[in-house]
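A short worksheet on the structure shown next.
The values are calculated or read from the model by the stated rules, or taken from the named source; none is laboratory data. Everything quoted here is computed from the prediction, not taken from an experiment. Note that we place each Cβ from the backbone using ideal geometry, even for glycine, and neighbour counts take in every protein chain shown.
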Amino acid sequence: MSQMLEIRHLRLVRAIAEEGGPTRAAARLHLTQSAVSHQLAELEGRLGVALFTRVRRQLKLTPAGARLLDAARAMLADLARIERDLQHAGSRRRETFRIAVECFTTYHWLPPVLSALAKDHPDVDVRIALEARREPVAALLRGEIELAVVSSPVRDRALVVEPLFDDEWTVIVPPSHPLAARPYVTVVELGREKLLAHDAPRSDVERLRELIASERAPMPLAATVPLTDALVELVKAGLGVGLVSRWAVAPSVARGEVVARRFTRDGLPERWTAAYRADAAARFPLARFAELLRAPSSLMAPPRARQRRPR
């Protein structure tokens, strides 16, 4: 059969069977109806068997035609896949997946992750989707991003959740601030300050309100600062104190630009996770990305923060 059949014959049989006759098959194949009829007669003559029979102005497959149609579909699908693979190998087409970090605009950890990822996946690019930071899980489910780094709980079963590391909320102040000399900052002390913070997840906001209420402390005068770097600069200038995740500001703390103090004696722990859709993981190295993000070189956070129990 391989000596007699050609790719055009396979496409012809598939088109006639799926379109129900030579007229619509001709339009699909960009041929005239007479050319389709001629090629079909030629093919049946080569094989010595009828492939179609006419029933009520339509061509219906004979048993031999049905067998050939199954083979045609499988062969043409294989050829299309091989063609795509060869084109991809020849053009080295780059793939891009989008990521977002919940609330924060901190990406100091990204360069070492990308450097390691490029060794195994040189044709994969990563784009930061800042617009998804407020509700990254919802953005994941809508297909607007492929991976979210979040500290709020992820309960949707459609998503794969990879634990990353443990962290805690921290109060950042200028080195000259009186709170810099304290081992930790109490709820009452925080209530006396102008608070600079991001748009935190609802669960974190509720935790903070419950804590303030339990201590019968005043609610601090708060201002929302959407950019992490801007928040740090405002704190450095003495325009307020920040309440942020330690991981988000680790480089600024390491450089001595601000001082980080635990919030409350026991601290407020949080766990960061990476979430992504399983179908996206078939296209992109998302599990590998999460693995690299767990590596100590990308965290830049004190060992104590990574060893705390999850909330």
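Yes or no: region 129-147 includes at least one residue that is part of a strand (DSSP E or B), under 30 Å from GLU168 (Cα atoms), assigned by TED's automatic domain parsing to the domain that holds ALA287 and at pLDDT 90 or above.
Yes, region 129-147 contains at least one residue that is part of a strand (DSSP E or B), under 30 Å from GLU168 (Cα atoms), assigned by TED's automatic domain parsing to the domain that holds ALA287 and at pLDDT 90 or above.
Counting only residues that are more than 43 Å from the chain's Cα centre (by Cα) and modelled with pLDDT of 85 or more, how many does region 55-92 have? Working first, answer last.
Just the residues of region 55-92 that are more than 43 Å from the chain's Cα centre (by Cα), to begin with: 55-65.
Then keep just the ones that are modelled with pLDDT of 85 or more; that gives 60-65.
Number satisfying all stated conditions: 6.
I need the full set of residues from region 204-239 which are small (Gly, Ala, Ser) and either more than 16 Å from LEU190 (Cα to Cα) or assigned by TED's automatic domain parsing to the domain that holds HIS108 (or both), in order please.
Listed by number, the residues that qualify are ALA230, ALA237.
Which residue, of LEU31, LEU5, is at pLDDT below 90, in a loop (DSSP other than H, G, I, E, B), surrounded by 14 or more Cβ atoms within 10 Å (Cβ to Cβ) and not small (Gly, Ala, Ser)?
LEU5
Identify the single condition in (1) in contact (Cβ under 8 Å) with a residue 40 or more places away in the chain; (2) more than 26 Å from GLU131 (Cα to Cα); (3) buried (at least 21 other Cβ atoms within 10 Å of the Cβ) that SER252 does not satisfy, given that it satisfies every other one.
In the conditions (1) in contact (Cβ under 8 Å) with a residue 40 or more places away in the chain; (2) more than 26 Å from GLU131 (Cα to Cα); (3) buried (at least 21 other Cβ atoms within 10 Å of the Cβ), SER252 misses (2) alone.
Filter region 255-276 down to the residues that are under 30 Å from the mean Cα position of the chain (by Cα) and either hydroxyl-bearing (Ser, Thr, Tyr) or surrounded by fewer than 21 Cβ atoms within 10 Å (Cβ to Cβ) (or both) and list them by number.
LEU268, PRO269, ARG271, THR273, TYR276
When region 258-299 is examined, which residues are found to be within 19 Å of LEU141 (Cβ to Cβ), touching a residue at least 12 places away in the same chain (Cβ under 8 Å) and either out of contact with any helix residue (DSSP H, G or I) (no Cβ under 7 Å at 6 or more places or on another chain) or not assigned by TED's automatic domain parsing to the domain that holds ARG157 (or both)?
THR273, ALA278, ARG283, PHE284, ALA290
Here is a list: LEU147, LEU130. Which entry is hydrophobic (A, V, I, L, M, F, W, C), more than 22 Å from GLU257 (Cβ to Cβ) and in contact (Cβ under 8 Å) with a residue 60 or more places away in the chain?
The conditions single out LEU147.
Here is a list of conditions, (1) surrounded by 15 or more Cβ atoms within 10 Å (Cβ to Cβ); (2) within 23 Å of LEU227 (Cα to Cα); (3) out of contact with any His (no Cβ under 7 Å at 6 or more places or on another chain), and CYS103 meets all of them except one; can you say which number that is?
(3) is the only condition that CYS103 fails.
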